[in-house]
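Since the structure comes first, as structure tokens, the remarks are kept for the end.
The values are calculated or read from the model by the stated rules, or taken from the named source; none is laboratory data. Bear in mind the structure is a predicted one, so any value in this text is a computation, not a measurement. Every residue, glycine as well, gets a Cβ built from its backbone with ideal geometry; the counts of neighbours run over all protein chains shown.
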Amino acid sequence: MEYSPTLAVATAAFEIIAAAWAFVWRRRREARGPDAGTRTIARITGSILLLLAGYQLAEVVICADVAAAGFLPRLAFLIVTWLPALGLLLIAQLHRPRSRLLYGGAFAMLAVSAGIAVWILLDRSFAVASVCNAVFARYAHAEPRFQLYAGYYWVGLLGMIAASAYGLFASSDPTRRQWLSCVHVGTLGFVAPSILVSYSVPAAKGALPSVMCHFALVLAIALARMLWVMRSGEACASAELTKSESNARI
């Protein structure tokens, strides 16, 4: 079946719009006051959304002419390499009280991500596009070295699920638990169906990275909802403050 870029382009468009909203909201918060924590959350969230969109667009270009893909398959994996580490950093930023364990894990994953990024840049055999079918792309990899990358990635994704679940029980701030629930549900919502589809749908077998990035739309929607909840909470707080000021007596 011929590859159709419609799903990837539509997904990327949503993720770019959501990322732009995150960065614009961050700039507005900078203008209002020194709420560094919320600004950092918006910045990390926007970066994750942009990386998700970047993979989608890279895949569209790859599948437009697989034979001429060149460096693009490696670029696609280079883009998504940073997602688990940034996801863990976002969870650490959301959790209250601040956890040295969560931050330590996130920074360790960022360091590993940087090393893997250098590896991808130097190893020309890391990923080569093999075939694009329907809405999925398959890649050929140098084995068994690629298993190291897969291990890193699954540690990151499972770490996101575990860390966000931990935050739901251990975080002292109910508002932040609500934000963490968005990350937890969003991560589970794309990891679980990706595994199911890649092993049960014949057209998707051997295309797990591509399948996961398509289902990552669930994560993107969850992150957008998190930002919406944060913004709504801010609006409610502002309204309460204005009401209190109007009722003040001297």
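Summed over segment 100-132, the residues that are of a type in the set (G, A, S) and in contact (Cβ under 8 Å) with a residue 12 or more places away in the chain give a count of 8. Evaluate the following for S198: is it buried (at least 19 other Cβ atoms within 10 Å of the Cβ), touching a residue at least 12 places away in the same chain (Cβ under 8 Å) and polar (S, T, N, Q)? When the stated conditions are applied, S198 passes them. Exactly one residue among A76, A85, A111, A58 is under 18 Å from the mean Cα position of the chain (by Cα), surrounded by fewer than 23 Cβ atoms within 10 Å (Cβ to Cβ) and closer than 26 Å to A22 by Cβ, and that residue is A111. What are the residues in segment 34-87 that are at negative phi and without any contact (Cβ under 8 Å) to a residue 24 or more places away in the chain, if any? Within segment 34-87, P34, D35, A36, R39, R43, A58, V61, D65, A67, A68, F71, L75 meet the criteria. Would you be able to tell me the number of residues in segment 192-228 that are touching a Phe, Trp or Tyr at 6+ places or on another chain (Cβ under 8 Å) and under 18 Å from G151 (Cα atoms)? Residues in segment 192-228 being touching a Phe, Trp or Tyr at 6+ places or on another chain (Cβ under 8 Å) and under 18 Å from G151 (Cα atoms): 7 in total. Any residue at all in segment 37-47 that is within 15 Å of C213 (Cα to Cα) and either of a type in the set (A, V, I, L, M) or assigned to a loop (DSSP other than H, G, I, E, B) (or both)? Checked against the condition, which is being within 15 Å of C213 (Cα to Cα) and either of a type in the set (A, V, I, L, M) or assigned to a loop (DSSP other than H, G, I, E, B) (or both), segment 37-47 yields no hits at all.
Whenever a residue of segment 10-30 is β-branched (V, I, T), its partners that are at pLDDT 90 or above, lying with C-beta atoms within less than 6 angstrom and at least six residues away or across chains, give the pairs T11/Q56; T11/L217; I16/A53.
Considering segment 151-205, the residues that are part of a loop (DSSP other than H, G, I, E, B) and within 22 Å of F136 (Cβ to Cβ) include one that is modelled with the lowest pLDDT, namely K205.
Just to be sure, is A137 in contact (Cβ under 8 Å) with a residue 60 or more places away in the chain, out of contact with any Pro (no Cβ under 6 Å at 6 or more places or on another chain), among the hydrophobic types (A, V, I, L, M, F, W, C) and not in a loop (DSSP other than H, G, I, E, B)? Yes; evaluated as a whole, the condition is true for this residue.
Of all residues in segment 61-89, those satisfying the criterion of being β-branched (V, I, T) and assigned to a helix (DSSP H, G or I) are V61, I62, V66, I79, V80.
Taking residues in segment 163-183 that are farther than 19 Å from I221 by Cα, and partners anywhere that are in a loop (DSSP other than H, G, I, E, B), the pairs with Cβ atoms closer than 7 Å and at least 6 places apart or on different chains are G167/H95; S171/H95; S171/R96; S172/R96; S172/P97; D173/R96.
Considering segment 30-74, the residues that are of a type in the set (G, A, S) and at pLDDT 85 or above include one that is farthest from G156 (Cα to Cα), namely A64.
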